[in-house]
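Structure, as structure tokens:
The values are calculated or read from the model by the stated rules, or taken from the named source; none is laboratory data. Quantities reported herein were computed from a predicted structural model and do not represent experimental measurements. Cβ coordinates were reconstructed from backbone atoms using ideal geometry, including for glycine residues, and neighbour counts include every protein chain displayed. With ligands, DNA and RNA removed, areas are computed over all heavy atoms of the protein, side chains included. Shrake-Rupley method; radii C 1.70, N 1.55, O 1.52, S 1.80 Å.
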Amino acid sequence: MVIPLSVTTHKKNQVCKLSKLLCGLKQASRQSYEKLTSLIVHHRYHQATSDHSLFVKYSNTNITILLVYVDDVLLTGNSLEDLTFIKNTLQEAFKIKDLGTLKYFLGSEVSHSSKGISLCQRKYCLDLLTDSCLLGSKPASTPSDPSIKLCFDDAKHFPDIPAYRRLVGCLIYLNTMRPDITFITQQLSQFLSKPSITHHNVACRVLRYLKSCLGEGLFFPCSSKPCLLGFSDADWACCKDTRRSISGPCFFLGQSLISWRTKKQQTVSRSSSETDYRALAAATCELQWLLYLLCDLRITCDRPPVLYCDNQSALHIAANLVFHERTKHLEIDCHIVREKFMAEVMKLLLISSKSQLADFFTRATYN
């Protein structure tokens with residue numbers, strides 16, 4: 001901070017009153033991002049079209065990757081010279097702090113070993129349990145009770161709605177590393193406007209489950225091969241309030257789980273085949289985005305991506321045009337499955353319901 005040029009008198013012990021904080025302006029984040037982006041692009045980094053926060057630089061056999069989140073930057077690559085150069089460049093422009101090898105990033109803990117990389121949110125879970133006063137509670141073996149179907153019931157309303165919203169927001173952030181609570185978090189997030197005591201109790205059970213497995217997370221083995229495997233599943237008309245279905249796709253890069261989701265469909269489906277076909281459409285869009293991302297990173301898959309589904313009728317709709325009479329009420333965008341299948345972008349294969357991994361993201365089923 002410096003004294004403005006318009007101030008001509010300088011008295012002893014005189015200070016300036018701050019009228020407005022620059023970083024509090026609405027346009028501050030955008031201006032900061034534009035300045036950082038222009039600097040990185042100026043040094044021959046390519047901004048990925050699949051993710052605008054990803055920057056990649058190629059030079060012969062060397063590759064350098066920057067991933068930007070607000071004012072936090074992840075930097076990796078196989079050339080120490082390029083890494084040192086871009087760190088010095090950022091240091092001159094922004095006065096950055098080099099934290100060395102990645103160990104902690106945005107609430108996520110990273111562990112490196114000769115076998116691979118482990119990601120977890122143990123500290124974040126502990127802080128959440130402490131803030132919720134459940135650190136001394138009895139652990140639960142599962143995140144939810146399969147016999148309980150959440151809906152807008154007549155139970156007593158939970159009095160502290162902001163506290164419920166904060167709790168669900170924290171659980172949503174935990175989904176980054178905890179696919180095991182994805183389904184129940186999606187269920188709880190539907191009642192943010194009018195939660196009941198029942199909804200709050202279910203949310204507390206999720207916290208008690210997290211206490212039993214604080215260090216659980218994701219593991220990315222070094223031996224994974226660059227091949228995409230997708231699983232698409234849906235639960236037909238499972239929502240008691242709207243009778244809409246839930247889609248739950250997930251994707252693996254080799255043996256590593258890299259993408260998953262639990263989402264309620266936008267319309268009511270007339271059959272389970274339609275439900276699974278809509279889930280296939282959403283999974284196909286996610287698969288296409290993953291292919292774009294791998295292309296930006298110059299990663300080539302060993303074989304064409306495979307998308308598994310346990311509904312044979314949905315696969316027939318994607319491969320056979322004679323099903324027009326049964327599907328003419330579907331939106332045109334749903335037929336992206338047929339378009340990508342015909343273009344041989346992916347393969348569609350049938351899988352048994354017992355082997356369907358995506359079933360984990362559509363309903364609360366536990367052995």
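Among Leu74, Leu293, Leu228, the largest mean-square fluctuation in a Gaussian network model of the chain (Cα springs under 10 Å) belongs to Leu74.
Angle of helix 161-174 to the longest C-alpha principal axis of the chain, folded into 0 to 90 degrees and rounded to 10: 90°.
Which of the trypsin sites (Lys or Arg not before Pro) found in segment 33-82 are loop residues per DSSP with 10 or fewer other Cβ atoms within 10 Å of their Cβ? Those that pass, being in a loop and sparsely packed, are Arg44.
State, as an integer percentage, the relative contact order of the chain based on alpha-carbon contacts under 8 Å between residues 6 or more apart. The normalised contact order for the chain reaches 14 percent.
One entry in (i) 82, 60, 44; (ii) 101, 45, 45; (iii) 62, 61, 40 is Cα extents along the principal axes in Å calculated from the shown coordinates; its label is (i). Between Asn62 and Leu257, the simple spin-label model (points 7 angstrom out along Cα→Cβ) gives 3.8 nm.
Within the listed set Ala234, Ala314, Ala48, the Gaussian network model of the chain (springs between alpha-carbon atoms below 10 Å) gives the highest mean-square fluctuation for Ala48. For the options His42, His335, His199, a Gaussian network treatment of the chain with springs between C-alpha atoms closer than 10 Å singles out His42 as fluctuating the most.
What number comes out for the charge environment of Ala28, summing +1 per Lys or Arg and -1 per Asp or Glu over other residues with Cβ under 13 Å away? Taking every Cβ under 13 Å from that of Ala28, the sum is +2. Modelled spin labels at Lys354 and Ile148, positioned 7 Å past Cα toward Cβ, are 3.1 nm from each other. Of the trypsin sites (Lys or Arg not before Pro) in segment 154-226, the ones in a loop by DSSP (not H, G, I, E or B) with at most 13 other beta carbons within 10 Å are Lys156. Relative to the dominant Cα principal axis of the chain, helix 28-42 is inclined by about 90°. Sparse packing (at most 15 other Cβ atoms within 10 Å of the Cβ) combined with a DSSP loop state is found for the following trypsin sites (Lys or Arg not before Pro) in segment 72-140: Lys95, Lys97, Lys103, Lys115. Other residues within the sphere of radius under 11 Å centred on the Cβ of Val268, judged by their own Cβ, net out at +4 (K and R +1, D and E -1). For the pair Phe220 and Asn320, label points projected 7 Å from Cα toward Cβ lie 4.1 nm apart. In this view, the solvent-accessible surface of Glu339, computed with a 1.4 Å probe and all protein chains in place, comes to about 110 Å².
Rolling a 1.4 Å probe over the protein chains gives Ser19 an accessible area of about 110 Å². On a 0 to 90 degree scale, rounded to 10, what angle separates helix 272-296 from the longest Cα axis of the chain? Once rounded, the angle reads 30 degrees.
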